[in-house]
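Nothing in this text is a laboratory measurement; each read-out follows from the coordinates by a stated rule. Fair warning: this is a prediction, and the values are worked out from it, not measured in the lab. Counting neighbours? That spans all protein chains shown, and the Cβs are built from the backbone with ideal geometry, glycine included.
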Amino acid sequence: MKRFSIQRLCAIIIKEFIQMKRDRLTFAMIVAIPLLQLILFGYAINSNPKYLPTAVMSSDQSAFTRRFIRSLQDTTYFRVVSLPKSEAMAQKLLRTNRAQFVLNIPSDFSRDLIRGKRPSLLLTVDTTDSMAAANAIAASNILTKDVFDHLLTGALSYLRPTPPPFNLIIHAKYNPELITQYNIVPGLIGVVLTMTMVIITALAMTREVERGTMESLLATPARPLEVMLGKVIPYIIVGYLQLFLILGAAYFVFRIPAEGSLFLLCCAALPFIAANLSVGVMFSTAAKNQLQATQMSIFFFLPSILLSGFMFPFYGMPVWAQKIGSILPLTYFLRMTRGILLKGNTLADAWPNIWPIILFMIIALFVGVMRYRQTLD
Amino acid sequence: MSSDYIIDVQNLCKSFGDKEVVHRVNLQVKSGEIFGFLGPNGSGKTTTIRMICGLLKPTSGEGHCLGYDIIKDAYQIKKEVGYMTQQFSLYEDLTIRENLEFTGRVYQLKNYKTLVNEALENLGLIGRQNQLTGTLSGGWKRRLALAGAMLHQPKLLLLDEPTAGVDPKARRQFWNEIHELSERGITTLVSTHYMDEAERCHRLAYIAYGSLLATGTIPDVIKNAGLTMWVVSGENLNKLANQLRELPAIEQVTVFGKELHVVGTDKKALANAIKPFQKKPYTWEEELATLEDVFISLVGKAKDNFYLIKN
Ligand SMILES: Nc1ncnc2c1ncn2[C@@H]1O[C@H](COP(=O)(O)OP(=O)(O)OP(=O)(O)O)[C@@H](O)[C@H]1O
Ligand SMILES: [Mg+2]
């Protein structure tokens, strides 16, 4: 653009920085939001919970049942909290959330086992929260294969299960211990940036309109692109501040491995930060006041957090939801950060997730500049 | 377009929705002139000024400002015009100095630090330069905004009620400065509600209900209005005023302390109407109508026309 002036751009950047410095509340939010989310998502939310409360109603006390219960606890998914005496009591524990599992051991379990009658154990599961129980159920299934192996020796060895004709070896890669934080904390970088960056620029622009300063800003020769970049650039620095805060916490608190290059991650974060800021600018051209700007930001934030693969597995979503998700920059950023941090992706690996973000950014900025009103109409 | 006019607009119209708030306004302002822009609240002064400096697109009409087309060359106009908004529009969370420096940078002034220092000295705000602008009193905010509008030494100043809420001494200082600028060839278009300020303008325009009702020098405006005015003095003027207001030939009766202004358009009819009251204890004298009388009379007539057209 031939009339573009760096000096005017700097004027706006400096002004924006001073205002940011004076606005303590916003500044506190910029730091507090990542920390709060880290604590919430990093510590409080766990999609692979362990030591779930279990009630055992056993009518059979033998070496086999004792062994089974101990092995169950050893999987670390189960914790026996109660030994109800009756079926009614056991059901009540489930109903009132005091137990998530009830294990029923029938009275002649051991006898039937020795006689080779393949007796049944009943594990009743509260699957209200399907995700919470899934891993525990899987762990209990594995148990049946060999839990009694060392008791079934000598005369009883004929009871040992015959091995299946082939072995399926499952290799959990990148996050073998299925630690939730490994998945969540890298994703959190994107979520926090989406949440704060969009809203912060949307507010910065509408504030000018609301306070009446827009009239004199428009009366100056500042060009739309200068005003927009002037509003975006200071917050890029803020975005990086948040990025470093979360990366630091990821590394020092959650011990997330950094398999790939952190430098690459920081570079690739730039288009993502800019994309979100541009969305904020775009919103501000449509919003009449700060309240509307906030609402529009939330409107953007919700699908981002729900459909990007942060909350729910991306490939588990219906096709239409995946399509929406594929428009959102957060979707690509999540894949990229997880790829770089957990899988050691290189630039070539990450590029398919970087260019859609750049494209999104250019479109958002373009729409923003186009819609930016140079008059008060 | 004629080059000796700094502002030259024809038939400017502006509608918001289906409400036309500026109707076919023509304005010609010469170089170095101080041009007053008057009119009641909501008459369209701010809207017209905004159209002149490219902040609003006219619904129809055309014009030039500083030789630039007001529709196509808004960018050039913005660079060379100093516009002071009616509403305070500096950043309240910036200090006084920061606000002026921002203006200096945005207008790409090379020596903006010196200019800001000079402006602060002139204002007498150098000691408070690091105070947040939002904490200034109303009058000081306006004076600061004015200094901001003049910082880049524009050739044309568009000032929207620059002295509203400003104390008399500062107002006088402001007008002296405007006249000094005028001598240096700088043009000013200034809107105001104060009659004493209107009288310090070289020429003025009066707008009501979006239409220009009068333009010209003060004597011209008064002469063209064709008003006859009688000044009455004496006792018990309120009672007389009430009696006079009943008479159709009398347009305005205004009490000014110990005087009564009686105004009418038709000189003969007025003379007939007041004849019965020209006796003791009142003394009657014919005088030249004042600007204020003219304006009030103009608005009264415009209002009648306005409602005639509407209904
Ligand atoms: N953006 C807008 N949308 C709708 N109506 C508007 C807008 N701006 C101004 N108006 C209307 O246009 C009319 C003229 O307003 P304007 O501000 O030009 O008056 P003014 O002469 O400056 O009045 P004042 O002396 O009170 O400042 C008013 O009736 C106002 O309500
Ligand atoms: Mg106004």
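Classify the stretch A:74-146: rounded, prolate or oblate, from the alpha-carbon gyration tensor (a ≥ b ≥ c, eigenvalue square roots; a/c under 1.5 rounded; otherwise prolate if a/b is larger than b/c)?
On the way: a/c = 2.34, a/b = 1.30, b/c = 1.81.
Oblate.
How many percent of Cα pairs in chain A exceed 32 Å?
50 percent
Return the long-range amide H neighbours of B:S211 (sequence gap of 5 or more, or a different chain), with a cut-off of under 5 Å between placed amide H atoms.
Distant-sequence amide H within range of B:S211: B:H23.
Report, in debye and to the nearest 20, how large the dipole of the stretch B:5-217 comes out about its Cα centre when Lys and Arg carry +1 and Asp and Glu carry -1 on their Cβ. Could you put the intermediate results ahead of the total?
Working: 25 positive and 23 negative charges, 37 e Å.
The calculation lands at about 180 debye.
Can you give the helix-only mean residue ellipticity at 222 nm for chain B, where every DSSP H stretch with n ≥ 4 adds -39500 (n - 2.57) and the sum goes over all residues, rounded to the nearest 500 deg cm²/dmol?
For chain B, the value works out to -11000 deg cm²/dmol.
Which residue, B:V29, B:G216, B:Y112, has the largest displacement toward the positive end of the dipole of the stretch B:5-217 when charges sit on each Cβ (Lys, Arg +1; Asp, Glu -1)?
Of the options given, the answer is B:Y112.
Residues with amide H under 5 Å of B:I7's amide H, sequence separation 5 or more or different chain, H placed in the peptide plane at 1.01 Å from N; which?
Amide H to amide H, under 5 Å and 5 or more residues apart or across chains, B:I7 pairs with B:V29, B:L66.
Please state the shape class of chain B: rounded when a/c is under 1.5, otherwise prolate if a/b exceeds b/c and oblate if not, all from the C-alpha gyration tensor.
prolate
Test of the criteria: in the stretch A:43-106, which trypsin sites (Lys or Arg not before Pro) are in a DSSP loop and have at most 13 other Cβ atoms within 10 angstrom of their Cβ?
Passing sites in the stretch A:43-106 are A:K50, A:K85, A:R98.
So, with +1 on the Cβ of K and R and -1 on the Cβ of D and E, and no other charges, what is the size of the charge dipole of the protein assembly as shown about its Cα centre, to the nearest 20 debye? It would help to have the intermediate numbers written out before the result.
Details: 72 positive and 55 negative charges, 436 e Å.
So the magnitude is around 2100 debye.
Just name one of A:A138, A:V81, A:I114: the one whose Cα is farthest towards the positive end of the charge dipole of the stretch A:52-173 (beta-carbon charges, Lys/Arg +1, Asp/Glu -1).
Sorting the options by dipole projection puts first A:I114.
Other chains' Cβ within 10 Å of A:214-227 residues: what's the mean?
Taking all residues of A:214-227 together, the mean is 6.
For chain B, with the dipole built from +1 on Lys and Arg beta-carbon atoms and -1 on Asp and Glu ones, taken about the Cα centre, which of B:A164, B:L90, B:I296 lies farthest toward the positive end?
Value: B:L90.
Quick one: of B:K30/B:K223; B:K30/B:K267; A:K288/B:K169; B:K57/B:K155; A:K50/A:K92, which pairs are farther than 32 Å apart, Cα to Cα?
The pairs that break the limit, which is 32 Å between Cα atoms, are B:K30/B:K267; A:K288/B:K169.
Before anything else, pin down the relative contact order of chain A: Cα pairs under 8 Å, at least 6 apart, normalised by residue count, whole percent.
19 percent
Which of the peptides A:232-242, B:162-172 is most tightly packed, and how do the rest follow, going by the mean number of other Cβ atoms within 10 Å of each residue?
By packing density, highest mean first, the sequence is A:232-242, B:162-172.
Return, for the Cα atoms of the stretch A:180-376, the radius of gyration and Dmax in Å, separated by a comma.
Rg, Dmax (Cα atoms, Å): 17.3, 53.
Modelled label-to-label distance, A:Y158 and A:L225, 7 Å Cα→beta-carbon offset: nm?
Placing both labels 7 Å beyond Cα along the Cβ direction yields 8.8 nm.
Would you mind giving the mean number of other chain beta-carbons within 10 Å of the Cβ of each residue in B:83-94, as a whole number?
Taking all residues of B:83-94 together, the mean is 6.
How charged is the neighbourhood of B:Y112? Take every other residue with its Cβ under 9 Å from the Cβ of B:Y112, and add Lys/Arg as +1 and Asp/Glu as -1.
Working: positive: B:R105, B:K110, B:K113; negative: B:E101.
Neighbour charge sum, excluding B:Y112 itself: +2.
Compute the acute angle (0 to 90°) between the alpha-carbon long axis of helix A:329-343 and the principal axis of greatest extent of the alpha-carbon atoms of chain A; round to the nearest 10°.
Between helix and principal axis, roughly 60 degrees.
Do the sum for chain A: with -39,500 (n - 2.57) for every DSSP H run of n ≥ 4, divided by all residues, what is the mean residue ellipticity at 222 nm, to the nearest 500 deg cm²/dmol? Can you show the working numbers first?
Working: 14 runs with 233 residues, N = 377.
One gets -20500 deg cm²/dmol as the mean residue ellipticity at 222 nm.
I want the local charge near A:A139. Using Cβ-Cβ distances under 11 Å, sum +1 for each Lys or Arg and -1 for each Asp or Glu among the other residues.
Neighbour charge sum, excluding A:A139 itself: 0.
Can you pull out the trypsin sites (Lys or Arg not before Pro) in the stretch A:256-343 whose DSSP state is coil and whose Cβ has at most 14 other Cβ atoms within 10 Å?
A:K288
For the protein assembly as shown, max minus min Cα coordinate along each principal axis, in Å, sorted largest first?
Principal-axis extents of the protein assembly as shown (Cα, largest first): 142, 57, 47 Å.
Just the Cα atoms of the stretch B:222-310, one point each, no solvent: what log10 I(q)/I(0) does Debye give at q = 0.14 Å⁻¹?
-0.48
So how strong a dipole does the stretch B:222-310 carry about its Cα centre when Lys and Arg Cβ are +1 and Asp and Glu Cβ are -1, to the nearest 20 debye?
Computed charge dipole of the stretch B:222-310: roughly 240 debye.
Once the stretch A:132-284 is represented by equal point scatterers at the alpha-carbon sites, with solvent omitted, what log10 I(q)/I(0) does the Debye formula produce at q = 0.12, 0.14, 0.19, 0.21 Å⁻¹?
The computed values of log10 I(q)/I(0) come out as -0.72, -0.84, -1.13, -1.26.
What is the spread of the Cα atoms of the stretch B:12-85 along each of their three principal axes, largest first, in whole Å?
Cα spread of the stretch B:12-85 along its principal axes, largest to smallest: 32, 26, 21 Å.
What nm value, rounded to one decimal, do you get for the distance between B:Q108 and A:L302 when each label is placed 7 Å out toward the C-beta?
Distance between label points: 4.6 nm.
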